[in-house]
Amino acid sequence: MARIDLRVNLGKLHLRNPTLLAAGILGLTGASLRRVWDAGAGAVVTKSVSLKPVEGYPGPRVVQVRGGLLNAMGLSNPGIKTILEEIKIAKKGGATVIGSVFGENEKEFVDVVKEIGRADIDAVELNLSCPHFETLLTMGQDPKLTKKIVKEVKKETKIPVWVKLPGNTHIPNLMKVAKSAEVAGVDAITISNTIPAMVLDLEAERAVLGHEVGGLSGPAIKPISMRLVYELFKTVKIPIIGSGGIITPEDAIEFLVAGASAVQIGTGIMYRGLEIFNEVCTGIQSFMEKKGLEEVSEITGLAHST
Ligand SMILES: Cc1cc2nc3c(=O)[nH]c(=O)nc-3n(C[C@H](O)[C@H](O)[C@H](O)COP(=O)(O)O)c2cc1C
């Protein structure tokens, strides 16, 4: 097969192909980020990090379920200082690195973005799937708060800023959140994070996870995330990065057709190993060849063309 160019532009950021490692999987060390880059990912996203270390929820934290994984990590992470060193290792290996960050309020978001910017990252992804204690929603379900956080962060950095939105948002509200992020100047939107869910141990008559409720990922959520990408494409003009249940090349292509400019892969690594990045890229090339397309961007939003 003739070599087809898979490069994509996400705003000002250029990626060698449209497959990214999703936050939270193999994203804590420079060595693991490099492994994923060397396996063919177009970019790698770090585990979400905060200013200070976070211990997270009690175990069990991850359980395999039919159709995917259920996890309740509680955003555990070693804090920004440690991850800075790890990012430098990944960057030395040539990787395009996206720093995923979170905070409890806009000030913490600004501070953590400033810190992670010192590691020469290529973009930051604001994980807005954290709880917001005043509204009892996650931050990314609150249009005003989303706008405030993006505005403040954009004022303080030249690095491209993405937001990652939760998957448990009802559509009219999600559109408001996405619009408010776009108006505030965000460069791209990743959708979706995991979907709230739980699993019971019948013998113990208790929830399996230490935190009882967790986030579902993997093939079970693909149609939900797909719909969110599809709806978002009708609402915003900025690039969308699809995430949720990609394990085959066709899954990834469907996300592009629905409106994504790139995709993130997390749980799929458990199903396919790191080979998944090459498999998806080869599948996208075959699709483009079959359809006579020259650029990946020509696939984006095909489902919306008349
Ligand atoms: C074990 C685990 C940890 C995760 N940690 C994070 C995280 O730190 N930050 C984040 O934004 N998303 C996190 N996610 C969500 C993934 O990045 C991804 O958006 C989600 O799992 C859906 O994609 P997938 O079905 O390909 O895994 C995590 C997912 C899993 C399974």
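The values are calculated or read from the model by the stated rules, or taken from the named source; none is laboratory data. As the structure is a prediction and not an experimental result, all values here were calculated from the model. Using ideal geometry, Cβ is built from the backbone for each residue, glycine included, and neighbour counts are taken over all protein chains shown.
Here are some conditions: (1) crowded, with 21+ Cβ neighbours inside 10 Å; (2) closer than 21 Å to residue 305 by Cβ. Residue 231 meets all but one. Which one does it not meet?
With (1) crowded, with 21+ Cβ neighbours inside 10 Å; (2) closer than 21 Å to residue 305 by Cβ applied to residue 231, the lone miss is (1).
For the stretch 247-274, name all the residues that are assigned to a helix (DSSP H, G or I), near the ligand (Cβ under 10 Å from one of its atoms) and without any contact (Cβ under 8 Å) to a residue 60 or more places away in the chain.
Of everything in the stretch 247-274, those that are assigned to a helix (DSSP H, G or I), near the ligand (Cβ under 10 Å from one of its atoms) and without any contact (Cβ under 8 Å) to a residue 60 or more places away in the chain turn out to be 251, 268, 271.
If you check 9, 17, which single one turns out to be away from the ligand (no atom under 14 Å from the Cβ), modelled with pLDDT of 95 or more and either crowded, with 24+ Cβ neighbours inside 10 Å or not in a strand (DSSP E or B) (or both)?
Testing whether each residue is away from the ligand (no atom under 14 Å from the Cβ), modelled with pLDDT of 95 or more and either crowded, with 24+ Cβ neighbours inside 10 Å or not in a strand (DSSP E or B) (or both) leaves just 17.
Can you give me the number of residues within the stretch 179-212 that are outside any helix (DSSP H, G or I) and either of a type in the set (A, V, I, L, M) or under 15 Å from the mean Cα position of the chain (by Cα) (or both)? Before the answer, list the steps.
Restricting attention to the stretch 179-212, the residues satisfying the condition of being outside any helix (DSSP H, G or I) are 184-212.
Subset that is either of a type in the set (A, V, I, L, M) or under 15 Å from the mean Cα position of the chain (by Cα) (or both): 184, 186-195, 197-200, 202, 204, 207-209.
Result for the stretch 179-212: 20.
So which residues in the stretch 129-140 are without any contact (Cβ under 8 Å) to a residue 40 or more places away in the chain, of a type outside the set (Asp, Glu) and not in a helix (DSSP H, G or I)?
Matches in the stretch 129-140: 131, 132, 133, 135, 136, 137, 138.
Applying the selection to the stretch 27-44, what residues are closer than 21 Å to residue 76 by Cα, touching a helix residue (DSSP H, G or I) at 6+ places or on another chain (Cβ under 6 Å) and surrounded by 22 or more Cβ atoms within 10 Å (Cβ to Cβ)?
If the condition is that a residue be closer than 21 Å to residue 76 by Cα, touching a helix residue (DSSP H, G or I) at 6+ places or on another chain (Cβ under 6 Å) and surrounded by 22 or more Cβ atoms within 10 Å (Cβ to Cβ), then 33, 44 are the ones that fit.
Among the residues of the stretch 141-154, is any over 19 Å from residue 233 (Cα atoms), surrounded by 17 or more Cβ atoms within 10 Å (Cβ to Cβ), aliphatic (A, V, I, L, M) and free of Cβ contacts under 8 Å to residues at least 40 places away in the same chain?
Within the stretch 141-154, one or more residues are over 19 Å from residue 233 (Cα atoms), surrounded by 17 or more Cβ atoms within 10 Å (Cβ to Cβ), aliphatic (A, V, I, L, M) and free of Cβ contacts under 8 Å to residues at least 40 places away in the same chain.
Which of the residues spanning the stretch 92-101 are at negative phi and either of a type in the set (Val, Ile, Thr) or surrounded by fewer than 17 Cβ atoms within 10 Å (Cβ to Cβ) (or both)? Before the answer, list the steps.
First pass over the stretch 92-101, keeping only residues at negative phi: 92-93, 95-101.
The answer is 92, 93, 96, 97, 98, 101.
For the stretch 268-285, does any single residue satisfy the condition of being surrounded by fewer than 20 Cβ atoms within 10 Å (Cβ to Cβ) and touching a Lys or Arg at 6+ places or on another chain (Cβ under 7 Å)?
Yes, that holds for at least one residue.
Kindly indicate which of 166, 160, 143 is within 29 Å of residue 218 (Cα to Cα) and more than 16 Å from the chain's Cα centre (by Cα).
143
For the stretch 50-64, what are the residues that are more than 8 Å from the ligand (Cβ to nearest atom), touching a strand residue (DSSP E or B) at 6+ places or on another chain (Cβ under 7 Å) and in a strand (DSSP E or B)? Show your work before the answer.
If we filter the stretch 50-64 for residues that are more than 8 Å from the ligand (Cβ to nearest atom), which is where we start, we get 50-60, 63-64.
Now narrow it down to the ones that are touching a strand residue (DSSP E or B) at 6+ places or on another chain (Cβ under 7 Å): 50, 53-54, 63.
Answer for the stretch 50-64, where residues must be more than 8 Å from the ligand (Cβ to nearest atom), touching a strand residue (DSSP E or B) at 6+ places or on another chain (Cβ under 7 Å) and in a strand (DSSP E or B): 54, 63.
If you scan the stretch 234-252, which residues turn out to be β-branched (Val, Ile, Thr) and surrounded by fewer than 23 Cβ atoms within 10 Å (Cβ to Cβ)? Let's see the steps before the verdict.
Initially, the stretch 234-252 is screened for residues β-branched (Val, Ile, Thr), giving 235-236, 238, 240-241, 246-248.
Of everything in the stretch 234-252, those that are β-branched (Val, Ile, Thr) and surrounded by fewer than 23 Cβ atoms within 10 Å (Cβ to Cβ) turn out to be 235, 236, 238, 247, 248.
Restricting to the stretch 213-232, and then to whatever is away from the ligand (no atom under 13 Å from the Cβ) and touching a strand residue (DSSP E or B) at 6+ places or on another chain (Cβ under 6 Å), can you tell me which residue is farthest from residue 296 (Cα to Cα)? Spell out how you get there, then give the answer.
The first filter runs over the stretch 213-232 and keeps only residues away from the ligand (no atom under 13 Å from the Cβ), leaving 213, 227, 230-232.
Imposing the further condition that a residue be touching a strand residue (DSSP E or B) at 6+ places or on another chain (Cβ under 6 Å) reduces the set to 213, 232.
Values: 213: 38, 232: 19 Å.
My answer is 213.
Quick test for you: out of 15, 84, pick the one residue that is within 20 Å of residue 126 (Cβ to Cβ) and either out of contact with any strand residue (DSSP E or B) (no Cβ under 9 Å at 6 or more places or on another chain) or free of Cβ contacts under 8 Å to residues at least 60 places away in the same chain (or both).
Working: 15 fails: either out of contact with any strand residue (DSSP E or B) (no Cβ under 9 Å at 6 or more places or on another chain) or free of Cβ contacts under 8 Å to residues at least 60 places away in the same chain (or both).
Of 15, 84, the one residue that is within 20 Å of residue 126 (Cβ to Cβ) and either out of contact with any strand residue (DSSP E or B) (no Cβ under 9 Å at 6 or more places or on another chain) or free of Cβ contacts under 8 Å to residues at least 60 places away in the same chain (or both) is 84.
Results for (1) of a type in the set (Lys, Arg); (2) buried (at least 17 other Cβ atoms within 10 Å of the Cβ); (3) within 24 Å of residue 15 (Cα to Cα), shown as yes or no for each residue.
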{"position": "86", "(1), (2), (3)": "no, yes, yes"}
{"position": "103", "(1), (2), (3)": "no, yes, no"}
{"position": "107", "(1), (2), (3)": "yes, no, no"}
{"position": "110", "(1), (2), (3)": "no, yes, no"}
{"position": "116", "(1), (2), (3)": "no, yes, yes"}
{"position": "119", "(1), (2), (3)": "no, yes, yes"}
{"position": "125", "(1), (2), (3)": "no, yes, yes"}
{"position": "128", "(1), (2), (3)": "no, yes, yes"}
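Evaluate the following for residue 279: is it acidic (Asp, Glu), part of a helix (DSSP H, G or I) and on the phi < 0 side of the Ramachandran plot? Let's see the steps before the verdict.
Numbers: acidic (Asp, Glu): yes; part of a helix (DSSP H, G or I): yes; on the phi < 0 side of the Ramachandran plot: yes.
It is true that residue 279 is acidic (Asp, Glu), part of a helix (DSSP H, G or I) and on the phi < 0 side of the Ramachandran plot.
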